[in-house]
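Student: Pasting a structure here, questions to come.
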Amino acid sequence: MTEVAGRAWQVVVDCVTCNTEGAATEVHAEGAEHPLTSTCAVCGRETASGELVSGGADMRDPEVARQALAAWAEREGLSSEGLADAVIGLPLEEVVHRYAHGHPVPTNLDVIAFLFPGMAAGAAPKGVNVAVGEVESAREVERTPDDPRAPARVLVSVMLADGTLTGAERGYIDRFLAAHGMEPLTPQELRPWRPHELGPLRDRELAEATLQAAVELMHLDAVRDGSELRIVRTYARVWGVDEAKITAWDRHYDRHYAPPMSSVWRALSRWVR
Ligand SMILES: [Zn+2]
């Protein structure tokens with residue numbers, strides 16, 4: 001972790017070398033012309049105060065790309081295939097192919113950055129401010145398959161996606177947990193949880209009930225933006241829940257909660273999400 005005096009923040013940007021979306025983390029300090037550091041999680045390109053420290057691996061070489069992906073996956077506690085699926089959303093070989101041709105590689109890393117509080121969700125399309133330190137603390141947690149607290153953590157992450165924590169949202173989550181025989185939220189759980197931190201949930205019924213509750217939770221606050229829905233979709237992918245169900249629940253709660261004018265607006269804005 002970088003210690004700096006004054007205000008410092010992290011920004012997630014696309015890597016200029018390997019073309020991976022949201023893979024480079026820049027640490028900025030107030031008043032500094034260049035980022036203090038910039039590090040790509042994939043190719044390893046690194047700069048310090050604007051100077052190139054390491055050019056990064058040549059991802060056009062398929063062997064180098066496979067090795068770089070394996071190393072990244074290991075740091076995340078995933079297999080290469082698991083990482084390609086959970087973070088990139090493509091089969092591993094397709095990812096290697098994209099690197100070989102220099103094509104941009106899409107990821108949900110910017111969505112994951114949205115999960116961290118302290119920034120206005122949706123305010124910045126690419127660069128999302130995160131308080132230095134929060135990303136690190138998220139990494140320390142062990143990933144457990146079928147973690148009994150996974151539903152609570154998904155819901156709290158969706159609740160925090162817009163940067164606010166209202167009593168109504170908190171109450172909704174505690175009622176959901178009680179209805180499913182789970183303990184209420186603990187103060188330690190009140191932070192965003194990254195989708196692959198939670199691991200798979202094999203109880204299909206519970207996975208679907210949780211994501212449906214996440215969609216309803218998203219509609220509880222009148223102001224919602226596309227980022228919350230993208231986060232729910234990311235969890236759905238990790239848990240193997242059909243995306244069509246998410247869309248159907250979204251429409252259902254839209255009709256249920258939205259005042260008439262705003263539902264027209266939302267129907268229109270769905271096209272541009
Ligand atoms: Zn890179």
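Any read-out appearing in this document is the output of simple, stated calculations on the displayed coordinates, not a laboratory observation. Note that the structure is a prediction, hence the values are computed from the model and not measured. Quick reminder, even Gly has a Cβ in these numbers, built from the backbone with ideal geometry, and neighbours come from all protein chains shown.
Student: Count the net charge of all other residues whose Cβ sits under 9 Å from the Cβ of Arg237, scoring Lys and Arg as +1 and Asp and Glu as -1.
Tutor: On the way: positive: Arg233; negative: Asp85, Glu243.
After counting each charged neighbour, the total is -1.
Student: Return the long-range amide H neighbours of Trp193 (sequence gap of 5 or more, or a different chain), with a cut-off of under 5 Å between placed amide H atoms.
Tutor: Here the answer is Ser157, since their amide H atoms fall under 5 Å of that of Trp193.
Student: What are the ³J(HN,Hα) couplings of the stretch 9-16, residue after residue, when phi is run through the Karplus curve with 6.51, -1.76, 1.60 and θ = phi - 60°? Round to Hz, x for glycine and proline.
Tutor: Computed from phi, the couplings for the stretch 9-16 are 8, 10, 10, 9, 10, 6, 6, 6 Hz.
Student: Then there's this: Where does the charge balance sit around Leu52 when Lys and Arg score +1, Asp and Glu -1, over other residues with C-beta under 12 Å from its C-beta?
Tutor: -1
Student: In addition: What length, rounded to one decimal in nm, is gained on full extension from Asp242 through to His97, with 0.36 nm per residue of separation minus their alpha-carbon distance?
Tutor: Working: separation 145, 0.36 × 145 = 52.20 nm, distance 2.66 nm.
Roughly 49.5 nm would be gained on extension.
Student: What list of ³J(HN,Hα) couplings, whole Hz, do you get for the stretch 56-62 from phi and the Karplus terms 6.51, -1.76, 1.60, once you set θ to phi - 60° and write x for glycine and proline?
Tutor: The phi angles translate into x, 5, 7, 6, 6, 7, x Hz.
Student: Working out 0.36 nm times the residue gap between Val16 and Ala178, then minus their Cα-Cα distance, what length gain in nm do you get to one decimal? It would help to have the intermediate numbers written out before the result.
Tutor: Details: separation 162, 0.36 × 162 = 58.32 nm, distance 4.73 nm.
Full extension from Val16 to Ala178 adds 53.6 nm.
Student: Oh, and also: Please list, ordered by chain and number, the residues whose modelled amide H lies under 5 Å from the amide H of Val105; skip anything fewer than 5 residues away on the same chain.
Tutor: Hits under the 5 Å cutoff: Thr20, Glu21.
Student: Would you mind giving the average projected area, over all directions, of the Cα convex hull of the stretch 8-110 in nm² with one decimal? Each step should come with its number before you reach the end.
Tutor: On the way: hull surface 24.1 nm².
Dividing the Cα hull surface by four gives the mean projection, 6.0 nm².
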